[in-house]
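**Student:** What follows is a single structure, and I will ask about it in a moment.
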Amino acid sequence: MRFDTGGARMDSIALYPDAKEAHADIPDPARAFLQQAFQTLHAPDAAAVMAGSAVDAMLKKHGLTDGSLYARIDEALKLNLLTDGMAKWAHSVRLGSNRPRHADENRPHVSPDEAKQSVEFAEALGNFLFVLTAKIDRGIKAAETAKKSPPP
């Protein structure tokens, strides 16, 4: 922060840590849901619902649109889009996002730690399904371009 004593004003120069931002390689609407999950971590129920929506949207971008989210996670596992561990975590995120969305009678709210775990999974899944793939594609393209370039 910078304080201007003459004008009695304080300017923000930088924020630490940086605000989280959903990676540009994650397609919308999954990216928008993930960004909202980051922005609502102070409200755990909202963050959990947004993380669940991000996971759902990511699977839909991979063509898994039939049935419930439960069925789509299981289908993603069968298609080797998710590992066994990823599918188990995805089901946990799904269940956590369902509690506030359906006002579960016994446990309607998620804890801050549960919300954080859900958001971390949604981010990791986006990185795995989209960001890493895009980086690999860009790397391959750069390597091919380098092969075609004349030596210096």
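**Student:** Confirm whether Ala76 is of a type in the set (A, V, I, L, M) and either crowded, with 20+ Cβ neighbours inside 10 Å or in a helix (DSSP H, G or I) (or both).
**Tutor:** Yes, satisfied.
**Student:** Which one is surrounded by the fewest Cβ atoms within 10 Å (Cβ to Cβ) among residues in region 4-57 that are under 10 Å from the mean Cα position of the chain (by Cα) and part of a loop (DSSP other than H, G, I, E, B)?
**Tutor:** Ranking the candidates gives Glu21 first.
**Student:** So which residues in region 82-112 are at pLDDT 90 or above and within 16 Å of the chain's Cα centre (by Cα)?
**Tutor:** Hits for region 82-112 are Leu82, Met86, Ala87, Trp89, Ala90, His91, Ser92, Val93, Arg94, Ser97.
**Student:** Would you please name the residue that is farthest from Ser111 (Cα to Cα), looking only at residues in region 58-73 that are open to solvent by less than 40 Å² (accessible area, probe 1.4 Å) and aliphatic (A, V, I, L, M)?
**Tutor:** Here the residue is Leu64.
**Student:** Still on this model: List the residue pairs whose Cβ atoms are under 6 Å apart, where the first residue sits in region 16-27 and is modelled with pLDDT of 90 or more, the second is of a type outside the set (Asp, Glu) and open to solvent by 80 Å² or more (accessible area, probe 1.4 Å), and the two are 6 or more positions apart or on different chains.
**Tutor:** Taking only residues 6 or more apart or on different chains, the pairs are Pro27/Lys61.
The values are calculated or read from the model by the stated rules, or taken from the named source; none is laboratory data. As the structure is a prediction and not an experimental result, all values here were calculated from the model. Note: ideal-geometry Cβ built from the backbone for every residue, glycine included; neighbour counts use all protein chains shown. Keep in mind that these areas ignore ligands, DNA and RNA; they rest on the heavy atoms of the full protein, side chains included. Shrake-Rupley method; radii C 1.70, N 1.55, O 1.52, S 1.80 Å.
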